[in-house]
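The values are calculated or read from the model by the stated rules, or taken from the named source; none is laboratory data. What you see is a predicted model, and the numbers here were worked out from it, not measured in a lab. Cβ placement follows ideal geometry from the backbone for every residue including glycine, while neighbour counts extend to all protein chains displayed. Note: areas computed on protein heavy atoms with side chains; ligands, DNA, RNA excluded. Shrake-Rupley method; radii C 1.70, N 1.55, O 1.52, S 1.80 Å.
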Amino acid sequence: MENWITRFVAILCALGSTALFWTLGVFVAVPWHEGRMLALNRMELQVIGVPLVVGLAVAWGALHIFAIADRVSSPRIYSTIRAVLIVASIAAMIGGISWTQARIA
């Protein structure tokens, strides 16, 4: 398979994982703003847990798809992609939190 097709599929997966992390940030913002992160009920834990677990799984899958294309042929690009995906995931979560905080206040 051509490397560009594999990279395109991996980018789609990576975009999906960052969207899930943004959603996680949106759902975490309200309990965090109210100071009750350790007192969540079952429904809130589920709403927060699903984007977290699925986002981690999709990001892990995206990294494996990137590894198919780049791990052996260009390990430097693969290492850079890993770092960028981690930073993008954290930034997406912070973006979701700040987006929600701007609407709460």
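Details
- Qualifying positions in region 49-81 - over 9 Å from the mean Cα position of the chain (by Cα), farther than 15 Å from L12 by Cα and not hydrophobic (A, V, I, L, M, F, W, C): G49, D70, R71, S73, S74, P75, R76, Y78, S79, T80
- Residues of region 54-94 satisfying the condition of being open to solvent by 80 Å² or more (accessible area, probe 1.4 Å) and of a type in the set (F, W, Y): W60
- Members of region 67-104 found to be of a type in the set (V, I, T), in contact (Cβ under 8 Å) with a residue 40 or more places away in the chain and more than 24 Å from P51 (Cβ to Cβ), listed by number: I68
- For first residues located in region 12-37 and within 11 Å of A92 (Cβ to Cβ), partners that are open to solvent by 80 Å² or more (accessible area, probe 1.4 Å) and assigned to a helix (DSSP H, G or I) and lie 6+ apart or on another chain with Cβ distances below 7 Å form the pairs G25/I94; V26/W99.
- Of residues in region 1-53 being of a type in the set (F, W, Y) and closer than 22 Å to S74 by Cβ, the one surrounded by the most Cβ atoms within 10 Å (Cβ to Cβ): F8
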